[in-house]
1. Do you know which of the residues in the stretch 1-26 that are touching a Leu at 6+ places or on another chain (Cβ under 7 Å) and surrounded by 12 or more Cβ atoms within 10 Å (Cβ to Cβ) is nearest to residue 94 (Cα to Cα)?
2. Hey, could you check the stretch 123-145 for residues that are assigned to a strand (DSSP E or B) and either hydrophobic (A, V, I, L, M, F, W, C) or modelled with pLDDT under 95 (or both) and say which is farthest from the chain's Cα centre (by Cα)?
3. Could you count how many residues in the stretch 53-85 are over 19 Å from residue 21 (Cα atoms), in a strand (DSSP E or B) and in contact with a His (Cβ under 9 Å, 6 or more places away or on another chain)?
4. Within the stretch 146-162, count every residue that is touching a residue at least 60 places away in the same chain (Cβ under 8 Å) and farther than 21 Å from residue 7 by Cβ.
5. Among the residues of the stretch 101-119, are any small (Gly, Ala, Ser), part of a loop (DSSP other than H, G, I, E, B) and either touching a Gly at 6+ places or on another chain (Cβ under 9 Å) or more than 13 Å from residue 16 (Cβ to Cβ) (or both)?
6. Restricting to the stretch 150-176, count the residues that are part of a helix (DSSP H, G or I), over 16 Å from residue 11 (Cα atoms) and within 17 Å of the chain's Cα centre (by Cα).
7. Only one of 67, 43 is surrounded by 20 or more Cβ atoms within 10 Å (Cβ to Cβ), polar (S, T, N, Q) and out of contact with any Asp or Glu (no Cβ under 6 Å at 6 or more places or on another chain). Can you tell me which?
Amino acid sequence: MTKLSAPGHPFQYAWHVPDLDKAIDHWTNVVGVGPFFINEVDSKRMEGFQYRGGDGNLQMRVAWGQSKEGQIELIEVNSTESNVYHDLIPKDRVGFHHIGIWSDDYFADKSLLTERYENVMDMGPNSNICYFDTSADSGNMLELIERNDGITGLFDKITKAAEGWDGTKPSRTMAELMGG
């Protein structure tokens, strides 16, 4: 296998959770990671969204928080249709789902990974984020994320919020993150 454009350790670690608020409580009050910023995701608003090569339907709440070692992503799926998260983890269970890796050459990396793994979810051409089913080799999926100014700027804000976090208000909105 030829090397990916941004090799190295993953930067994001993601869990499927049936109750996002309970999961945030665990991560902030037991593990000490936070604050978490919640985003509502609806695939109907994503041009070109695909699940296993066809149209998919996915509504979820996602929360991002930064630990010293990497970003923690918590995912609560609210839609009932088949989806990439429930492919590995039953809807009522907490479980580790995927690692996220950067790509500095998204289309080349996507092509390279497609030679070996199934592209199970593609967030569309406006986001350049997709998932590969690597579970047979690693027990989890792999999320390929194009490194660009928009996404790194967002994640940098989450990192800065974690660096100055005093333990108050563990759950926050994206508007709060963006200063609105």
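1. Only one residue tops the list, namely 17.
2. 132
3. 0
4. Residues flagged as touching a residue at least 60 places away in the same chain (Cβ under 8 Å) and farther than 21 Å from residue 7 by Cβ within the stretch 146-162 amount to 4.
5. No: the stretch 101-119 contains no residue that is small (Gly, Ala, Ser), part of a loop (DSSP other than H, G, I, E, B) and either touching a Gly at 6+ places or on another chain (Cβ under 9 Å) or more than 13 Å from residue 16 (Cβ to Cβ) (or both).
6. Within the stretch 150-176, residues that are part of a helix (DSSP H, G or I), over 16 Å from residue 11 (Cα atoms) and within 17 Å of the chain's Cα centre (by Cα) number 2.
7. That would be 43, the only listed residue that is surrounded by 20 or more Cβ atoms within 10 Å (Cβ to Cβ), polar (S, T, N, Q) and out of contact with any Asp or Glu (no Cβ under 6 Å at 6 or more places or on another chain).
Results for (1) of a type outside the set (A, V, I, L, M); (2) out of contact with any Ser or Thr (no Cβ under 9 Å at 6 or more places or on another chain); (3) surrounded by fewer than 17 Cβ atoms within 10 Å (Cβ to Cβ), shown as yes or no for each residue.
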| residue | (1), (2), (3) |
| --- | --- |
| 94 | no, yes, yes |
| 101 | no, yes, no |
| 106 | yes, no, no |
| 109 | yes, no, no |
| 125 | yes, yes, yes |
| 138 | yes, yes, yes |
| 146 | yes, no, no |
| 156 | yes, yes, yes |
| 167 | yes, no, yes |
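The values are calculated or read from the model by the stated rules, or taken from the named source; none is laboratory data. Since the structure is predicted, the reported quantities are computational estimates derived from the model, not experimental observations. When we count neighbours, we look across all protein chains shown, and the Cβ atoms used for this are built from the backbone with ideal geometry, even at glycine.
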